[in-house]
1. What strands (runs of 3 or more DSSP E) completely inside region 193-278 contain at least 3 residues that are under 24 Å from the mean Cα position of the chain (by Cα) and touching a residue at least 12 places away in the same chain (Cβ under 8 Å)?
2. Of the residues that make up region 302-317, is at least one surrounded by 14 or more Cβ atoms within 10 Å (Cβ to Cβ) and in contact with an Asp or Glu (Cβ under 7 Å, 6 or more places away or on another chain)?
3. Which condition breaks for ASP331 when tested against (1) surrounded by 14 or more Cβ atoms within 10 Å (Cβ to Cβ); (2) closer than 30 Å to ILE399 by Cβ?
4. In region 193-216, what residues are open to solvent by 20 Å² or more (accessible area, probe 1.4 Å) and of a type in the set (Ser, Thr, Tyr)?
5. If I filter region 113-128 for residues that are open to solvent by less than 10 Å² (accessible area, probe 1.4 Å), of a type outside the set (Lys, Arg) and either at pLDDT 85 or above or part of a strand (DSSP E or B) (or both), do I get at least one hit?
6. Need pairs with beta-carbon distance below 7 Å; first residue under 20 Å from GLY493 (Cβ atoms) and within region 528-542, second aliphatic (A, V, I, L, M); sequence gap 6+ or separate chains.
7. For region 119-162, how many residues meet the condition of being among the acidic types (Asp, Glu) and touching a helix residue (DSSP H, G or I) at 6+ places or on another chain (Cβ under 6 Å)?
8. Can THR190 be described as more than 18 Å from TYR313 (Cα to Cα), free of Cβ contacts under 8 Å to residues at least 24 places away in the same chain and open to solvent by 30 Å² or more (accessible area, probe 1.4 Å)?
Amino acid sequence: MKQLLRLCFGILSCLLLACDYSPSGSHFEEINPNQQVLADITLTDQQDTIFVRGDLNLYFNVFLPDREYYGHTLELGDQMLSNGDSKGGAYYFQSEKYSDGFHTLRYTAYIRSGTGSLADKYRAEAIQVSRTWVVQIYNSAPTAPAVTHIAPEDGQLHITSEPYTGLLFKSMDLVRQLSDFPPHILASTTDPNTTSWTDDNYIGGPVTYWIVVHLDEKKYSTGTAGTAASYHYPMPAILKASYEVDNQVKITFSSTPFKSFKSYVLSSDMGFFETYDRNDTVVTFPDPGFGRDLPSTLRTYTKASLSYYDNWYASYNTIPGRGTAWGPFEDATILRSAATDRFLIWQAGTLYLYDAAAMRVLQQRDVSYQSMDHGLAKSALSVDGRYAYIVLNDVIHRISPSTLQTLETYQLHDLLPYTDYNSFGIGVSNNHRLMIAAQNTATGMDTVYLVDMERRKVLTRIGKEIGAAYSELSSDGRAMRVSQSIYLEQSNGTWQDQAHVTQDTYAFAFHPTKPLYAYKEGQKITLYSTITGARQKIITTEKELFQYEIDAGSSHLFGYEEKMARDRNLYVYNLDTGQRLRKLKLADGVIAFVYKDRIFSHERFIQL
């Protein structure tokens, strides 16, 4: 054992003596852990804070002289965007993938450490060179401020809105819309912090306001609207209308508290009223006349009004006419039977049977057939209410006076020997005689026939130039008016012209319940017997009556003077005494009639 130890020690001694070691720079480098790195990482055309909306190309420039480049990473916060061994270059950044707000963008370059260590030699260690930027992502659509409060203030309307807190702001508008008017821009600003607005042209009525924001971006340059708010101060309107002494109409309307007021204009068929006094809200018009309701318009003008036609705001009211409303049966033909207390009313395409005592519709029928009337009567009702006829498309219908349903129909050739007429009108008597007034527009020669409907026999025919439109049959069927002549039936069955000399087609009227007819000459009206032709009595009217007739229920004579439609009076006379019972001013365009103890228009009635 001792010999073995001696041998090992001897060998080790020889090895040590054989090593010739001396330090030399050709065999090692000095290790330097404190490396100085010259580097620069930049983004083309970008600052330290990058604003991104949508997609953006990022161009990185990396300057690392005398350094071996290993690679890079590009991160947004803790999310890896890209990595690789490329040096700089472009990255297509799609910002919609990330949330709006502020983020940190970091570009990190990895280079050789240069320490001279064994790890450095074998690329096992590296130096990181980084650069960061702040990225603001904003992809949201713009949110326009909401209008939060609207209230009157010192005679104007004050509007409050939120400020604009978004980005890319260019301008914003306050938009106003009044009812029935298109929206328009009331004011504009380039200050996003504007929150207070004033409407100095508001006068009243429903109004809505909203903010529209315009961005410095083509996509939203036309504007984005915010939440709207509405306000309503009642427009000046008619509050009350009453009939005063002499049927004058006193109207009271509300006022406006706003300083933009210029004037009120109240217009209707009653007249025209204008005032520049904001508190002048009571006006009295003279008697507008009887017969219909009175549509009225109250316009309120603002100081911005340059003429009668602009910058006005209107309220529309209908002032009830005097008396009691019924119908309305505007432009209707109203036939009356006092014996049965029924009205037969033909309005447009509907036929009504009306109870004149209870004032209600009993029956109605659709008769929407169109016939050329040429001013001719297309319906007839006997005074005693037993016979009723209508013409539908040139076919004569005998109808039930109680149900309005057709009982029989007749073509002209069923009743007349000659039928080449353009149109015709009808009338019927209590003894069931039917008058057919046939019109021939080609020759101008009209023919009026009288047909006994029980025997289907023509009793007489009278030819007259332009006579069909001015024909009438007496209730007893023994007299006819044709144009400017009266014809009476004689005992031998012939018909005799009474030879009154007149050019007035409205000179004659039949008494509905007595065998009399009236003949007008100026203010004098003479009654004649339809049996003998003898004069019975004369009454004198206050004015010459343009048209007149005699009521079957009261035997009163009524008519109106020949004046303009807006300035007519209805006169009512007791036919027995000649005494004037009523002088009634009629509203514009109203046609009225007397029935028993009432005066009717097509819309209203009053007591006689």
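1. Numbers: elements: 196-199, 205-215, 229-233, 238-243, 249-253, 261-268, 271-275.
In region 193-278, the matching strands (runs of 3 or more DSSP E) lie at 205-215, 229-233, 261-268.
2. no
3. For ASP331, the exception is condition (1).
4. Matches in region 193-216: THR194, THR195, SER196, THR198, THR208.
5. So far as region 113-128 goes, no, none of its residues is open to solvent by less than 10 Å² (accessible area, probe 1.4 Å), of a type outside the set (Lys, Arg) and either at pLDDT 85 or above or part of a strand (DSSP E or B) (or both).
6. SER529/LEU516; THR530/ALA479; THR530/LEU488; THR530/LEU516; GLY533/LEU488
7. Adding up the residues that qualify gives 1.
8. Yes; evaluated as a whole, the condition is true for this residue.
The values are calculated or read from the model by the stated rules, or taken from the named source; none is laboratory data. All values reported here derive from a predicted model rather than from experimental measurement. So basically every Cβ, Gly included, is an ideal-geometry build from the backbone, and we count neighbours across all protein chains shown. These area figures cover heavy atoms from the full protein model, side chains too; ligands, DNA and RNA do not enter into them. Shrake-Rupley method; radii C 1.70, N 1.55, O 1.52, S 1.80 Å.
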